[in-house]
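Colleague: Provided herewith is a single structure, encoded as structure tokens, for subsequent inquiry.
The values are calculated or read from the model by the stated rules, or taken from the named source; none is laboratory data. Computed from a prediction, not measured in an experiment: that's the story for all the values here. Heads up, the Cβs are rebuilt from the backbone with ideal geometry, glycines too, and the neighbour counts pull from every protein chain shown. Only protein heavy atoms, including side chains, enter the accessible area calculation; ligands, DNA and RNA are left aside. Shrake-Rupley method; radii C 1.70, N 1.55, O 1.52, S 1.80 Å.
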Amino acid sequence: MTVQIDWETAWAAGIEEMNRLSTTGYWNRRAEDYSDMVLASDCNHGRNIFNLFEREGLLQKEWHVLDIASGPGAVTVPFAEKVCRVTAVEPAEKMAAA
């Protein structure tokens, strides 16, 4: 038996739920704890993402990278160490300050 999944509808529902839960208010409340975790881990999550991109040949040193919803820089920092420029955009004021 083959099950057909409407991926477009599933994706839209997932985005709707994420938007409901992940508001700027939520991230402003989490900013200090989240920033502490990022610092304690030395941006490990972002370094793992960078390493995956590098292994797959998806990055070049002269590239400019856009990090949307960058938080305190978990992904921004590792990429900024290796590419020409990273532009970080963060809508939650306290998260951007962190």
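Colleague: How high is the relative contact order of the range 37-98, given as a whole-number percent (alpha carbon pairs under 8 Å, six or more residues apart)?
Modeller: Worked out over the range 37-98, it gives 36 percent.
Colleague: On to the next question. Across the range 88-98, in residue order, what do the Karplus-derived ³J(HN,Hα) couplings come to in whole Hz, using 6.51 cos²θ - 1.76 cosθ + 1.60 with θ = phi - 60° and x for Gly and Pro?
Modeller: Whole-Hz 3J(HN,Hα) from phi for the range 88-98: 10, 10, 9, x, 7, 3, 6, 5, 5, 5, 5.
Colleague: Just to make sure I understand: if all protein chains stay in place, what is the order of 39, 66, 52 by accessible area at 1.4 Å, largest first?
Modeller: 39, 66, 52
Colleague: Test of understanding: what is the full-extension gain from residue 61 to residue 48, defined as 0.36 nm times their sequence separation minus their Cα-Cα distance?
Modeller: 3.0 nm
Colleague: Using the alpha-carbon centroid of each, what span in Å lies between the range 36-98 and the range 1-30?
Modeller: 23
Colleague: Regarding the chain, what is the average projected area of its C-alpha convex hull, in nm²?
Modeller: 8.6
Colleague: What does the accessible area per residue of the chain come to in Å², with a 1.4 Å probe and no ligands, DNA or RNA counted?
Modeller: 76
Colleague: A further question on this structure: Taking all protein chains as present, what is the carbon and sulfur share of the accessible area of the chain, in % to the nearest whole number, probe 1.4 Å?
Modeller: 55
Colleague: Quickly work out the residue 84-to-residue 41 label distance, labels modelled 7 Å from Cα along the C-beta direction, and quote it in nm with one decimal.
Modeller: Each label point is offset 7 Å from its Cα along the Cβ direction, giving 3.0 nm.
Colleague: Given springs between every Cα pair under 10 Å in a Gaussian network model of the chain, which of 74, 31, 12 has the largest fluctuation?
Modeller: 12
Colleague: Right, something else. Treating only the Cβ of Lys, Arg, Asp and Glu as charged (+1, +1, -1, -1), what charge dipole size does the chain show about its Cα centre? Round to the nearest 20 debye.
Modeller: For the chain, the charge dipole is close to 200 debye.
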